[in-house]
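The values are calculated or read from the model by the stated rules, or taken from the named source; none is laboratory data. Remember, predicted model here, so these are calculated numbers, not experimental data. Reconstructed Cβ throughout: ideal geometry from the backbone, glycine too, with neighbour counts over all protein chains shown. Just the protein is used for accessible areas: all its heavy atoms, side chains included, with ligands, DNA and RNA removed. Shrake-Rupley method; radii C 1.70, N 1.55, O 1.52, S 1.80 Å.
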Amino acid sequence: MLEKIRWGILSTGNIAGAFARDLKLLPDAELVAVGSRTQEQAEAFSKEHGIPRAHGSYEALARDPDVDVIYVATPHTFHAENTILCLNSGKAVLCEKAFAINARQANEMIDLARKKKLFLMEAMVTRHYPVIKQVRQWVEGGRIGEVRIVQATRCADGVYPPEGRHMNLNLGGGSLLDVGIYVLSFCSMFFEEPPVRVQGSAHIEECGADGQGSIVLQYPNGGLGALSFALKTKGEDSGQVYGSHGRIHVHTPVWAPTKATLMIPGEEDETVEISKEGKGLNYEAAEVMRCMREGKTESPIMPLDETLILMEIMDELRKDWGLVYPGE
Ligand SMILES: NC(=O)c1ccc[n+]([C@@H]2O[C@H](COP(=O)([O-])OP(=O)(O)OC[C@H]3O[C@@H](n4cnc5c(N)ncnc54)[C@H](OP(=O)(O)O)[C@@H]3O)[C@@H](O)[C@H]2O)c1
């Protein structure tokens, strides 16, 4: 029986609750503490999820000697500050997407983790789904030949209160960082090098945040990524990987996929379908623990250098759109 890895959760919001529930699916994980900006919230969350310790500040959680790894689940604007706090306290960190609001912050986080030889990973949940592992195997095994075009869409269609994180620039709101990152990260998996050209358009809402956008990426081998994302649009949310010999359809939702089909002309279609457990956040948590047990400070599934490249792409797009977060 493996010794349990002890988790702390930093914040008590929507995804923090889902993560607390999904951790229960992993017998080698133990959720020992939560940290919130207020003692009251920390206690309510710990009661709801049966967590032994409730800290009334993020600093107190970071100092907790019984925590091995902390899941940072605050709005994007706080990821850098919260991650740096935890790393400086000697904790491994799984930090929600978007990893930071810009590449400068991401660089600082990555540099510190590497200096301290501590595990750090962007919580890009999609990459850890078993179906995505199968899709990557098909591509890496040459089943569709050379990847030529990747298409993907990620649309949310919520109604967002102005003070909430989705459309509030003070909290890093907007579609690029919230949902665009899923399709960018999806596309990036299928090309070995960073794009040589990045172009895009976004609709900037009255509040100053980007409501939706489309981008085209061009890769050194001539490959292209054509991606769209939105926060107030009903979309189909599938993904396509077109190769020189065949194609792969990642069925909706591409950011949390349970089904993919490999189509090669002259052969019978191959479909893989793997239903998910919980919300699927257990897959990324399991990867964190696998790496920690093996003494790795980075995951080969979501490498830090790739996280940084994705942040740089988003910086470049925002520069073109004139989209700046307060305090940048
Ligand atoms: N992987 C996924 O599937 C997924 C899904 C949704 C969201 N996310 C990511 O997870 C992060 C959190 O999203 P969420 O939807 O959980 O957000 P949320 O419900 O708004 O919760 C954010 C939490 O952050 C803390 N916080 C600290 N400073 C804050 C501030 N100034 N304003 C508001 N909250 C503040 C609060 O916890 P305390 O009051 O306890 O301190 C709050 O409950 C985002 O980066 C988002 O992109 C990931």
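Brief remarks on what is shown
- Fully extending the segment from residue 270 to residue 170, taken as 0.36 nm per residue of separation minus the present Cα-Cα distance, adds 31.4 nm.
- Extension gain, residue 114-residue 48: 0.36 nm per intervening residue step, less the Cα-Cα distance, totals 20.2 nm.
- Average accessible surface area per residue within the range 130-275, 1.4 Å rolling probe, Å²: 45 Å²
- Among 325, 303, 314 - extreme Cα towards positive end, dipole of the range 286-328, charges at beta-carbon: 303
- Expressed in Å, the radius of gyration and Dmax of the Cα atoms of the range 130-275 are 16.3, 54.
- Test item: Cα-centred dipole of the range 5-126, Lys/Arg +1 and Asp/Glu -1 on Cβ, debye: 260 debye
- Charge-dipole axis of the range 5-126 as Lys and Arg at +1 and Asp and Glu at -1 on Cβ define it, positive-most pick from 121, 36, 74: 121
- Calculated FRET value between residue 149 and residue 6, using beta carbons and R₀ = 35 Å, to 0.05: 0.20
- Helix 14-23 axis versus longest C-alpha principal axis of the chain: approximately 90°, rounded to the nearest ten.
- Mean accessible surface per residue for the range 5-126, computed with a 1.4 Å probe while every protein chain stays in place, in Å²: 38 Å²
- Using θ = phi - 60° and Karplus 6.51 cos²θ - 1.76 cosθ + 1.60, couplings along the range 82-99 (whole Hz; Gly, Pro as x): 5, 5, 5, 4, 5, 4, 5, 9, x, 9, 6, 9, 10, 10, 4, 7, 4, 3
- Within the chain, DSSP assigns beta bridges of which about 55% are antiparallel (rounded to the nearest 5).
- Rounded to the nearest 20 debye, the dipole magnitude of the range 220-328 is 340 debye, with +1 charges on Lys and Arg beta carbons, -1 on Asp and Glu beta carbons, and the Cα centre as origin.
- Percent carbon-and-sulfur accessible area, the chain, ignoring ligands, DNA and RNA, probe 1.4 Å: 49 percent
- The chain, dipole about Cα centre (Lys/Arg Cβ +1, Asp/Glu Cβ -1), debye to the nearest 20: 400 debye
- Here the simple spin-label model places points 7 Å from the Cα toward Cβ, and for residue 192 and residue 163 these points are separated by 5.2 nm.
- Here the Debye sum runs over all C-alpha atoms of the chain as equal scatterers in vacuum, and log10 of I(q)/I(0) at q = 0.13 Å⁻¹ comes out as -0.98.
- Inter-probe distance in nm under a simple model that places probes 7 Å from Cα toward Cβ, at residue 293 and residue 133: 1.2 nm
- Take the Cα of residue 221, step 7 Å toward its Cβ, do the same at residue 18, and the gap between the two points is 3.2 nm.
- A full extension of the chain between residue 63 and residue 319 corresponds to an added length of 88.4 nm, given 0.36 nm per residue minus the alpha carbon distance.
- Of 91/279; 232/259; 116/234; 276/319; 133/234; 97/296, those spanning more than 32 Å from alpha-carbon to alpha-carbon: 116/234; 276/319
- Rg/Rh ratio calculated on Cα atoms of the range 5-126 (Kirkwood radius): 0.94
- In sequence order, calculated HN-Hα J values of the range 286-301 (Karplus, 6.51, -1.76, 1.60; Hz; x Gly/Pro): 5, 5, 4, 5, 4, 5, 4, 5, 8, x, 8, 9, 9, 9, x, 7
- Degrees separating the helix 130-140 axis from the principal Cα axis of the chain, which is the longest one: 40 degrees
- Applied to the range 256-264, the Karplus parametrisation 6.51 cos²θ - 1.76 cosθ + 1.60 on θ = phi - 60° returns per-residue 3J(HN,Hα) values of 8, x, 10, 8, 9, 10, 9, 10, 10 Hz, with x for Gly and Pro.
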